[in-house]
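Worksheet: the structure to be examined is printed underneath.
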Amino acid sequence: MEDRRNFIKTSALATAAILTNLSKADAKEQKTGNRLTSVKPVVLSTWKFGIDANAEAWKTLANSGRALDAVEAGVKVIEGNMKERSVGLGGRPDRDGHVTLDACIMDEFANIGSVACIEHIKHPISVARAVMEKTPHVMLVGEGALQFALSQGFTKEKGVVEESQKDWKEWLKTSNYKPQANIENHDTIGMIAMDANGNFSGACTTSGLAYKMHGRVGDSPIIGAGLFVDNEVGAATATGHGEEVIRIAGCHLVVELMRQGKSPQQACEEAVARIVRITKNRGKNLKDIQVGFIAINQNGQHGAYCIQSGFNYAIYDGSGNNLVDSDYFMK
Ligand code: ASP
């Protein structure tokens, strides 16, 4: 009886402590323009096309499906849109005219799969999932990734879409490689979700920076850089200049900062601050760089931060599917 009383007392105290912490966090998040989502599930994706991706992911999440299935289905919508110039086969080519795709996926058990520099495949995210589920490895690249995809029944698609070819031929006239912040020569769909059971997964897929060197791989297929999930903590994903995200192991950093007690908003801000510091120390111009992070934690809090204005993300929770402008460093 005494034990039971103590248990009840301890539980009540613990609940009160959690509620106090939540309301403190809530107040803080509201100050930064972000919300506390008390209802699971929730899904977040980078950029405006995240709205369509979220809508697809929500079909799985709303039916108590697994976050892993939701994020794969969600980003496939954008990969499959041939009008999209920065994700999937509709993406802009590298400087040699090849459309090379990068993608990775991570689930609640820290299972991971990734493909980089893969060509002719409509849904690299599904190949990444197949790497995760059907091989002893975590990452396949280039021709090997394509061969594996074909062995798994994926279809080899041909050519580069006409619009992308036109853009490339135009670019060849100057061959000036200077990826700019918020100019539509890049963008990635990074999606992170918590399902009704409170489990996290994430997916990230891109055609990378337009007119990159052939063979260049960005942050998006690199676990810990473009995406990271830790079921005890939360999840984060990134978009922007991949070299800068890789330099700080960006999404792993965001998740580790959350583990140390930072809110998702604080964690994203600190990761951006680190890129800012490093960029300045390296004597590079911050104006030329855009990086954006989005993150969620176990309480359903979310956050986002980027270097320059112009980055937005979509969040779908109990209150609907909304596009939100991210706060930014360079004011
Ligand atoms: N992060 C991607 C890359 O570096 C591009 C982007 O998100 O804009 O390949």
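The table below gives the values:
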{"item": "Residue count for the range 278-301, restricted to those that are over 16 Å from HIS252 (Cα atoms) and open to solvent by less than 10 Å² (accessible area, probe 1.4 Å)", "result": "4"}
{"item": "Total residues in the range 107-119, condition more than 14 Å from GLY208 (Cβ to Cβ) and open to solvent by 10 Å² or more (accessible area, probe 1.4 Å)", "result": "5"}
{"item": "Selected residue (only one of ALA267, ALA271 is among the aliphatic types (A, V, I, L, M), within 16 Å of the ligand (Cβ to nearest atom) and closer than 22 Å to ASP325 by Cα)", "result": "ALA271"}
{"item": "Selection count where residues are open to solvent by 60 Å² or more (accessible area, probe 1.4 Å), over 18 Å from the mean Cα position of the chain (by Cα) and not hydrophobic (A, V, I, L, M, F, W, C), scope the range 310-331", "result": "3"}
{"item": "Any hit, the range 172-180, residues being open to solvent by less than 40 Å² (accessible area, probe 1.4 Å) and either within 23 Å of ASP52 (Cα to Cα) or at pLDDT below 85 (or both)", "result": "yes"}
{"item": "When residues of the range 129-150 are limited to those that are touching a helix residue (DSSP H, G or I) at 6+ places or on another chain (Cβ under 9 Å) and charged (D, E, K, R), the one least open to solvent (accessible area, probe 1.4 Å)", "result": "ARG129"}
{"item": "Residue identified as on the phi > 0 side of the Ramachandran plot and in contact (Cβ under 8 Å) with a residue 40 or more places away in the chain among GLY226, GLY250, GLY240", "result": "GLY240"}
{"item": "Filtered residue count, the range 286-307, keeping only those that are over 15 Å from VAL245 (Cα atoms) and touching a helix residue (DSSP H, G or I) at 6+ places or on another chain (Cβ under 8 Å)", "result": "6"}
{"item": "Some residue of the range 318-330 being within 14 Å of the ligand (Cβ to nearest atom), touching a residue at least 40 places away in the same chain (Cβ under 8 Å) and in contact with a strand residue (DSSP E or B) (Cβ under 8 Å, 6 or more places away or on another chain)", "result": "no"}
{"item": "Residue list for the range 66-94, filter: assigned to a loop (DSSP other than H, G, I, E, B), open to solvent by 20 Å² or more (accessible area, probe 1.4 Å) and not basic (Lys, Arg)", "result": "GLY80, ASN81, MET82, GLU84"}
{"item": "Members of the range 236-247 found to be touching a helix residue (DSSP H, G or I) at 6+ places or on another chain (Cβ under 6 Å) and either open to solvent by 20 Å² or more (accessible area, probe 1.4 Å) or near the ligand (Cβ under 7 Å from one of its atoms) (or both), listed by number", "result": "ALA238, GLU244"}
{"item": "Whichever residue in the range 101-126 is over 14 Å from LEU68 (Cα atoms), without any contact (Cβ under 8 Å) to a residue 60 or more places away in the chain and not in a strand (DSSP E or B) and, among such residues, is nearest to the chain's Cα centre (by Cα)", "result": "HIS123"}
{"item": "Residues of the range 209-235 that turn out to be out of contact with any His (no Cβ under 8 Å at 6 or more places or on another chain), open to solvent by 10 Å² or more (accessible area, probe 1.4 Å) and not hydrophobic (A, V, I, L, M, F, W, C), as a count", "result": "6"}
{"item": "Every pair of residues 6+ apart whose Cβ atoms lie under 6 Å, when the first sits in the range 46-65 and is more than 18 Å from ALA304 (Cβ to Cβ) while the second is of a type in the set (Ser, Thr, Tyr) and at pLDDT 95 or above", "result": "TRP58/TYR316"}
{"item": "Strands (runs of 3 or more DSSP E) fully within the range 287-331 counting 2 or more residues that are among the small types (Gly, Ala, Ser)", "result": "291-297, 302-306"}
{"item": "Residue check, GLY153 within 27 Å of VAL245 (Cβ to Cβ) and of a type outside the set (A, V, I, L, M, F, W, C)", "result": "no"}
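The values are calculated or read from the model by the stated rules, or taken from the named source; none is laboratory data. From a predicted model like this one, the values you see are computed outputs, not experimental measurements. Cβ: placed from backbone, ideal geometry, glycine included. Neighbour counts: every protein chain shown. Ligands, DNA and RNA are stripped out before the accessible areas are found, and what is left, the full protein with its side chains, is counted by its heavy atoms. Shrake-Rupley method; radii C 1.70, N 1.55, O 1.52, S 1.80 Å.
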